[in-house]
Structures are given as C-alpha cells and as structure tokens.
Amino acid sequence: MGLECKWFIVGKKRYLKSAEQDGTLVIGAGLNPIEGAYNISHPAHPMAPGVFAGDAHNLSNIATGSQKTIIMDNPYGYTPLNDEVLRVLKKDGTIIIRGSRTNKHLKNIEEIAKLKDLQLISKRKVLSAGYKQTSGAPIQGENINEFIFKKQ
C-alpha cells in the first residue's frame, strides 16, 4: 500500500485534493484555482483541473475550525458569510472577499460581518485587471472591492 498523494498536480502547479488543517479554502474557484489551496466550486459551473465540486452552504467534508484562510472572488449564488463558512474558519482566521460593487451578495457585507462577530481588517478598491468571474471571463470596467475579515 502506497501513500495517497494529497496534491492534484497540473504542470508545475499543486492544488490540494481536500481541505487540510490550517489550510486555505477557495470557494467559487471555477476556472481560477489558487495554487497550494483546496479549491471548490459548484458543480453546475465550469471547473478547471485542481477545482473540486463543493457547496458553500454544505462544507461537511471540512473539519470545524480547520481553515486559516478562506478566499471568495466575486461570490455568486451563495451567501459569503454563511454559518458553514464560519464553522470551518479557525479562530483568528481570515476571510478575503473580493467582488464588483454590483455584486448583490456583497450588499451590506460589513454590517453582516459585525453581526457575525467578524472584525473588518481592511477594505480597499483594487483594479479589476486580473480578476475573473467563475466562468473565467474577466471582470470588465470597474474596480473591485476587497474586504478582509478576521474571526474573533
């Protein structure tokens, strides 16, 4: 019996096959996985190699308090600060959410974060260049809001 590899390798890039303790979880990765992270996306959306089927509202395959960082780029079709996301985030863990100002899932995100005992660490605008929708299409013509929250 050999050891099972925990990495999915594409060229020279490595992606986790499952969540690991103190790891990084990318929700809604679609066609844009982040190297060194466990990348998930809803199976109804296109997924690049290294992205695995997952549901932001059902993270039962991920241990409670195990994720040091959770990243969501332009969340679509799910509530970013839902109970499952907060369950898997470890104490003092970080959530990074980036999205266009027209993204309805980011409406009132700061107020929602306060209600969920998350501390806003940073809020800034970043250029949309380099940011993509889940489909892989570039986000055009506007700045992206970036929120960084810390779990208390």
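Rounded to the nearest 20 debye, what is the charge dipole size of the chain about its Cα centre when +1 sits on each Lys and Arg Cβ and -1 on each Asp and Glu Cβ?
The dipole magnitude comes to about 320 debye.
Using θ = phi - 60° and the Karplus form 6.51 cos²θ - 1.76 cosθ + 1.60, what ³J(HN,Hα) does each residue of region 95-105 get, whole Hz, x for Gly and Pro?
Residue by residue, region 95-105 yields 10, 10, 10, 10, x, 5, 5, 8, 6, 5, 6 Hz.
Most fluctuating residue of Ser18, Ser60, Ser41 in a GNM of the chain with Cα springs under 10 Å: which is it?
Between Ser18, Ser60, Ser41, it is Ser60 that shows the largest mean-square fluctuation.
Could you work out [θ]222 nm for the chain from helices alone, using -39500 (n - 2.57) per DSSP H run of at least four and dividing by all its residues? Round to the nearest 500 deg cm²/dmol.
Here the helix-only value at 222 nm equals -2000 deg cm²/dmol.
Using the basic label-point model (7 angstrom from Cα toward the beta carbon), what is the Leu120 to Lys17 distance in nanometres?
According to this spin-label approximation, the distance is 4.2 nm.
What's the extension gain from Lys6 to Ala44 if we count 0.36 nm per residue and subtract their Cα-Cα distance?
Length gained between Lys6 and Ala44: 11.2 nm.
Around Gly28, which amide H atoms from residues at least 5 apart in sequence, or from another chain, sit under 5 Å from its own amide H, with H modelled in the peptide plane?
Those lying under 5 Å, H to H, from Gly28 are Ile40, Ser41, His42.
Can you compute 3J(HN,Hα) from phi for each residue in region 9-23, using the Karplus curve 6.51 cos²θ - 1.76 cosθ + 1.60 with θ = phi - 60°, rounded to whole Hz and x for Gly and Pro?
In residue order, the calculated couplings are 10, 10, x, 9, 9, 10, 10, 5, 7, 7, 5, 10, 4, 6, x Hz.
Starting from the Cα coordinates of the chain, work out the convex hull volume and express it per residue in Å³.
Taking the convex hull of the Cα positions in the chain, it is 115 Å³ per residue.
Could you check which residue among Leu115, Leu89, Leu25 shows the biggest mean-square fluctuation in a GNM of the chain with a 10 Å Cα cutoff?
Result: Leu115 has the largest fluctuation of those listed.
Output ³J(HN,Hα) for region 52-62: one whole-Hz value per residue in order, computed from phi by the Karplus curve 6.51 cos²θ - 1.76 cosθ + 1.60 with θ = phi - 60°, and x for Gly and Pro.
In residue order, the calculated couplings are 10, 5, x, 10, 4, 9, 9, 10, 4, 7, 10 Hz.
Of Ile71, Ile27, Ile121, which has the largest mean-square fluctuation in a 10 Å C-alpha GNM of the chain?
It is Ile121.
Restricting to the chain, compute how many DSSP beta bridges are antiparallel as a %, nearest 5.
Percentage antiparallel, nearest 5: 55.
Under 1.5 on a/c is rounded, so check that first for region 2-78, then, if it is not, pick prolate when a/b is larger than b/c and oblate when it is not; a ≥ b ≥ c are the square roots of the alpha carbon gyration tensor eigenvalues.
oblate
Read the figures in this text as sums done on the coordinates, not as results from a lab. Given the structure is predicted, the values throughout are model-derived calculations rather than measurements. Virtual Cβ from ideal backbone geometry, glycine too; neighbours counted across all protein chains shown.
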